[in-house]
Each structure stands twice: as C-alpha cells, then as structure tokens.
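The values are calculated or read from the model by the stated rules, or taken from the named source; none is laboratory data. Please read all numbers here as calculations on a predicted model, not as lab measurements. Cβ placement follows ideal geometry from the backbone for every residue including glycine, while neighbour counts extend to all protein chains displayed. When the accessible area is computed, the model is the full protein with side chains, heavy atoms only, and any ligands, DNA or RNA have been set aside. Shrake-Rupley method; radii C 1.70, N 1.55, O 1.52, S 1.80 Å.
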Amino acid sequence: MALTAARSAALLQLFDFLVERSNDDRAPKEIEIAFAVFGRNGDPGATSQSLDSGVRVYVHRLRKRLHDFYADQPGPKLEIPKGEYRIVLALPPDVPADHPPRLTPENWTWPKLGKRPLMLMFGMLLISIIAGFAIWFLGQGHWVAREAQEQLRATAFWWPLAADKEAARLVVGDAFLVAETEDQRDIQRMIQEPGIRSREDLGTYLKTHPDAFYRLYDLDLNLAPAGTVIAAWTVQNAVTRFHPGSPDLVRLVPASKLDAHMLETGNLIYVGRFSDLGRVAAPLFQVAHLRPGASYKELVDSTSGNRFVADLDTSQENKPLVDYGYIASLSGPMGQHIFVAAGIGDTAVQNMANLISNSKQLQALESHADIHGDYEALFEIRAINGVALDQRPVFVRPHH
C-alpha cells in the first residue's frame, strides 16, 4: 500500500491500530492512540494537550495518504472521517431507486434514429472533443507542475542542493520537555522552559535552583510543535522531487537527535523555531548575520545591531500579533550547505516553509534583490489567530 512508501513506522503502526479498533462502537481518543502507537503507556505526561497535538498531526498525514491512494480508484475505499479517529470502509453511493434497469441481451433494442441521425453524430463528436480537451488539460496540469518544480530547482536558494547528489538531512526543530510534579509521585504536567533546552541545561538549572530539584524531572521527551511538523512536511515534499530517482536523498532527523558526525557530513535543511535549533545553531551562526537575542522572542542583526522582538501574546482573541521569519541558503563552515526556514513562532515557521517551497515567490524575491548566490532574508509577519495577514521583508541580502 502507499503507506509503505512513506517510510514511516509510526504511520504504519497508527494504521494497524485504527484498523484493529474499527469494529468498536467507540472511536479511540487521542490519549489512547498516544499510548498504543507512540509508546507512552507509562508516561503520565502524555495526557497533556501538547503531546496530543502530535497524534493529530499523524492522523492528518494518514488521512491524506489514504485519500491520495484511493484518489483514482473506483469502488469501496478506506478513509478517516474528518473530526474522528477511526478508519471506515466507504462504499460508493447507492444506485437511485428510479434508475433504469441494467440492459441485458433480452431487453435491449436498437434505438430508432428517425430523421435525426445528424444530431446523434454531432453529439458523439462533441463528446469526443470534450474528452480530448480533458486529456489535454490533465497533461497540461502535469506539465505545469513539472515546470514549477524545475523553476524551484533553478532558484538561487535551492540550486546548491539541486546540483548536489550528496544526501541532505532535513532537521526538524523540537523542544526539550520537563516533567513537573507537586507531590514527587504523580506528574501533573509537562512544561517547556525557554532556558532549558537539553538535559544538560536542566542539570545546570537545578544546581542554581535547588528548590526545583524534587519538582522537575527529565523523562527524555522532546516535542516538535504541530506547526513545525507541517512546515517540515511542506519542505520535504518540495525537495524530494529534485532527484526523483534517489528517495533517500533527504533524510528526516529531529534536532535533538542530531550528533556531531551528522553536522559534518552532508547538507543540512533546518525547519523550525529559532529556540529549537539545537546543534544546528553553532554552524549556522558561524556564517549567518542574525543571532538569537536575550530572550527566545528576540533576534539581533549583527551587521546593523538592530533588534527584532516578536509579540506572540495569545491571551486575547483576535489580537494582532507580530512574528519574525528567516530564510537562508549559506555555505557552512565544514564545506556543507545550510538551508534554513525558521521563525520565532509557528506562524513564521509555516510561512517561511511555504515561501521556500514556492518557485514564483522565491524568484520574485531574488529578482527584486538581485540575488544570484548565497543569501539570507528576514521577514516581519503580522497575524491574527495564527493566520498571516501581511509579510514584509525587513532585509534580503547576499552573503559573502
């Protein structure tokens, strides 16, 4: 099935689990799926909303895989209804009651053309023309999609990857989670502290905050925000088509699992928040001119000294927010190439992923700034309720 082509063990496990539960009257809940599929049976923190969002992302991906697999196939098909966590067998619509009976050799006769054979011939000709136009239109759609992919390969941003046959790692930004308990027995919640981004950071924090020693625990859990996962999927779909004959050319790896050897071998594509860069931060900031500021909401331009602070306060509904997104295509210190689609918040991350996956937007950006090689760009994004309303370039500059 098409699922096997996805090379995702989690998707296959999710599919098997939902099939097993298909005969139950009650659909499984998010937390049940997290227990059964993602191995969180003994993790009290798995009940948190942040962890359950990962289940929603995987169900969305599985629903799309099933839809794509059955897109051109008639007859019964498996699908996941919107808003539910169950796999059902969808049957074709029933034949209407007033539908004429099926023709058989016993009941059919030749139609009487009378004096209108030309009308019948004209109708057949019209059907042939429409069918021919439909075939041409579908062919044009395929040609347009292929042309767009070729144009994306030819942008200054992606050209180093398109011309390189070496494998690239698509690094997905994820955050370190800390378990919090009030009675040293039950985990009340999983939290993410901007200043605690690794096990080492937690150890350092506990040394300076001894009162938290029996309150904060490391359960070896990392979380990739739903927005980051969707953004990474967008970029993966774009770049894997650069070399169709090499499906393993782009390998997905969480930022928390990236080691020193991976950093030095092959190209890197980072998608995620600035606060979740992990080991990618060191090689990136050796060549980039943008730096994280004093807080996770701040960026500093080392060239001009300008500071950019995001307003991500979501406590008020319909409040206009300001986010900052960043893209870069740079030659790394170890001879590799580093590609970045990052943001302070999720809105910026997803907008930057869409930008570098769109050939027309990239071409317009590079043409306007007269870009022909490595470059970096910063954007100010104004949004309401997670929907971007305006995207303004702050700077687009070549990198030397």
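Would you mind working out the accessible area per residue for segment 266-400, using a 1.4 Å probe, and quoting it in Å²? Value returned for segment 266-400: 44 Å² of accessible area per residue.
With the convex hull of the Cα atoms taken as the outline of segment 199-351, the averaged projected area works out to 11.8 nm². All other residues whose Cβ lies under 9 angstrom from that of residue 328 are scored, Lys and Arg at +1 and Asp and Glu at -1, for a net of -2.
Residue ranges 342-354, 317-329, 153-165 sort as 342-354, 317-329, 153-165 when ordered by packing (mean number of other C-beta atoms within 10 Å per residue, highest first). Aspartates and glutamates near residue 165 by alpha-carbon distance under 18 Å, same-chain residues fewer than 8 away left out - which ones? By straight Cα distance, residue 165 reaches 150, 248, 264. Sorting 72-79, 276-283 by their mean Cβ neighbour count within 10 Å, with the most densely packed peptide first, gives 276-283, 72-79. For segment 340-364, the residues whose backbone nitrogen is under 13 Å from a point 7 Å from the Cα of residue 164, taken along Cα to Cβ, are 340. Along its principal axes, segment 323-373 has C-alpha extents of 31, 26, 16 angstrom, given from the largest down. Subtracting the Cα-Cα distance of residue 317 and residue 56 from their residue separation scaled by 0.36 nm leaves 91.7 nm.
Ignoring lysines fewer than eight residues from residue 29 along the same chain, the ones with Cα atoms less than 18 angstrom from its Cα are 82.
Using all pairs of distinct alpha-carbon atoms, the Kirkwood hydrodynamic radius of segment 289-334 works out to 12.5 angstrom.
Take 226-236, 20-30 and order them by the average number of nearby Cβ atoms within 10 Å per residue, most first; the result is 226-236, 20-30.
With Rh defined as the Kirkwood radius, the inverse of the mean 1/r over Cα pairs, the Rg/Rh of segment 270-365 is 0.98.
Here segment 226-342 exposes an accessible surface that is 51 percent carbon and sulfur, computed with a 1.4 Å probe and the other protein chains kept in place. In this calculation the C-beta distance from residue 294 to residue 182 is compared with R0 = 35 Å, giving a FRET efficiency of 0.70. Relative to the current alpha-carbon distance between residue 12 and residue 84, full extension at 0.36 nm per residue lengthens the span by 24.1 nm.
Here segment 352-400 is treated as a sphere whose radius is the Kirkwood value from Cα pairs; by Stokes-Einstein at 37 °C and 0.692 mPa s it diffuses with a coefficient of 279 µm²/s.
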